[in-house]
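Read the structure below first, then the notes.
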Amino acid sequence: MRLVVVSNRVTIPDRHEKAMAGGLAVALREALEQRGGLWFGWSGAIGEVSPTQVRQVERGNVTYAVTDLSEAERQSYYLGFSNRALWPLMHYRLGLTEFQRGDYMGYLGVNRRFARALAGLIRPDDLIWIHDYHLIPLAAELRRRGISNRIGYFHHIPWPAAEVVGALPFSATLIRTMAAHDLVGMQTEIDARNLVDGLISLCGARSDGRHVRLGGRRTAVQSFPIGIDVEGFRRLAAASVRKATTPLRATRVSLGERKLVISVDRLDYSKGIVPRLEAFGQFLRNHPEERGRVSLLQVAPPSRSDVPEYAELDRQSDEVAGRLNAQLGEFDWTPIRVVKKAYSRKALAGFYRRAQVGLVTPMRDGMNLVAKEYIAAQDPADPGVLVLSRFAGAAQQLGEALIVNPFDSQEVAEAIRTALAMPKTERIRRFEQLYAIISATDIGWWTRRYLAALAGEGATLPTGEATSAPRAGPRRIAAATRRKRDAAEPSSLTMIQS
Ligand code: GDG
């Protein structure tokens, strides 16, 4: 069975380069290479578009089929409806949700155009796997064109409660198109439950808990918590100690013996960057004895800078970091460093390994891969501590982290203090539990599990079973650690959808 992956953005790999990005993009490419297949989506370029214009490039047994967007489509489909309406809505930020009918029409139009172009490329027994919120109505458009293949969808971001979804004009019309899939994958059980509730209350669907029935179709809705290339990241981090990257060497010089707290996020309001900086300031005010002994490094590569809310966040984060540094810093110590650029994966792995605390406090997040990368990068003999927002999907799996409410700056401040003071035995105990979970549910596990469910291999699981990864002790960790796998190359951002 050939695999067809559809995502908003498609990056065609260079002939000479093995793996351009890490994590998800590489995992999908590997799945495509194993089965042979097609990857369809937006090229990232803006141009004149004809309705079915598609450029095809062959790389081994994978065909990359891409189409450009017109400037009007980029504005309405991508910046407008996807990133100013669906993104904030799905992250529970109704106050930031900007709904424009024209944008919605543009969104539907691009999905229709993609369906038309894609339908001509599909073979009868292809498995079709659609990714993310840009492409919610795509399957329904494919069905209208007579495509009866098995179609799956994976939603990378949170799916909010029906009350929140219902605030979006035309929400019932939009979300009922989810029923055009055979399988819908969510990051967590909560997201899966929210979708099923929404389909029942907004669209009149019926459900037995495992499946939703709507419009004569039966759709399985399940959680599949996404993972990372644990072994690849572990190796990158271990190598960073043997052969320090330039940024890591520079960090050693500038930090000396000081402790480091690390945060890594796209510059996005869902990640809670500004409240986190404030919480770090709170921590230094609560514990003056820590001043001069620890710094926060926030890596925040710019993202979606054409969207006004992101430009505002850019300004705010500079302002807050500047104010806190001015109020709390010393001539020889800067409490907070915010760097707005992307580093290689290798450099990131080195930063994670060097940091005593991984501070991952999004206000909402589908999963959050940084939390898992931080764990994977630790030295098992002397690991750091993960402080994790309860509103990241990852918190459903990583209960041994210090779980915090990111809206409570005092709680976050005290968790930073607890993490910095945690005895080694407790750090090791927590690390071992967390490492066992992330390696048992790594990116390979996720891809295999999703594709097996989509292909209908084995009975579908009740919602929730997929989230409970086996808990494992140190022996299992050692075995997982020994497993050989190709290390991912340093990369630009891993995300295929943003
Ligand atoms: C969406 C969902 C879900 C960041 N800075 C640099 C860099 N990164 C990499 C990280 C990580 C990735 O980007 C970000 O992944 P997240 O999961 O944290 O967040 P989103 O981009 O919002 O992703 C999210 C994910 O989809 C997968 O389903 O977990 O909830 O929002 O891998 O390391 N990579 C490099 N340099 C950087 O400066 N190389």
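The values are calculated or read from the model by the stated rules, or taken from the named source; none is laboratory data. Worth saying up front: this structure is predicted, and the values here are computed from it rather than measured. Every residue, glycine among them, receives a Cβ derived from its backbone with ideal geometry; neighbour counts consider all protein chains shown.
Against the definition (outside the structural domain of Ala161 (by TED's automatic domain parsing), part of a loop (DSSP other than H, G, I, E, B), away from the ligand (no atom under 12 Å from the Cβ) and polar (S, T, N, Q)), how does Gln410 come out, yes or no? No; evaluated as a whole, the condition is false for this residue. One residue stands out among those in the stretch 150-169 that are touching a residue at least 60 places away in the same chain (Cβ under 8 Å) and part of a helix (DSSP H, G or I): the one that is farthest from Gly456 (Cα to Cα), which is Val164. Taken over the stretch 174-223, residues that are in contact with a strand residue (DSSP E or B) (Cβ under 8 Å, 6 or more places away or on another chain), more than 13 Å from Tyr153 (Cβ to Cβ) and assigned to a loop (DSSP other than H, G, I, E, B) amount to 4.
If you check Leu255, Leu296 for being within 24 Å of the chain's Cα centre (by Cα) and closer than 18 Å to Trp333 by Cα, only one passes: Leu296.
Here is the figure for the stretch 123-149: residues that are assigned to a loop (DSSP other than H, G, I, E, B) and either in contact with a Lys or Arg (Cβ under 9 Å, 6 or more places away or on another chain) or surrounded by fewer than 18 Cβ atoms within 10 Å (Cβ to Cβ) (or both) total 9.
Looking at the stretch 175-196, can you tell me whether even one residue there is more than 25 Å from the chain's Cα centre (by Cα) and either farther than 24 Å from Gly444 by Cα or within 16 Å of the ligand (Cβ to nearest atom) (or both)? No, the stretch 175-196 has no match at all. Scan the stretch 313-333 and give yes if some residue there is assigned by TED's automatic domain parsing to the domain that holds Gln378, within 18 Å of the chain's Cα centre (by Cα), on the phi < 0 side of the Ramachandran plot and buried (at least 16 other Cβ atoms within 10 Å of the Cβ), otherwise no. Among the residues of the stretch 313-333, not one is assigned by TED's automatic domain parsing to the domain that holds Gln378, within 18 Å of the chain's Cα centre (by Cα), on the phi < 0 side of the Ramachandran plot and buried (at least 16 other Cβ atoms within 10 Å of the Cβ), which makes the answer no.
The conditions of being closer than 26 Å to Leu79 by Cβ and within 15 Å of the ligand (Cβ to nearest atom) are met by Val370. Within the stretch 373-400, which residues are within 13 Å of Ile228 (Cβ to Cβ), away from the ligand (no atom under 11 Å from the Cβ) and aliphatic (A, V, I, L, M)? Listed by number, the residues that qualify are Ile375, Leu398. Residues that are within 11 Å of the ligand (Cβ to nearest atom) and more than 13 Å from Arg364 (Cα to Cα) were ranked within the stretch 263-277; the one that is surrounded by the most Cβ atoms within 10 Å (Cβ to Cβ) is Ser263. Residues considered: Leu118, Leu89, Leu183, Leu79. Of these, the only one that is in contact (Cβ under 8 Å) with a residue 60 or more places away in the chain and within 19 Å of Arg217 (Cα to Cα) is Leu183. Only residues that are over 18 Å from Met186 (Cα atoms) and free of Cβ contacts under 8 Å to residues at least 24 places away in the same chain were counted across the stretch 430-458, and they come to 2.
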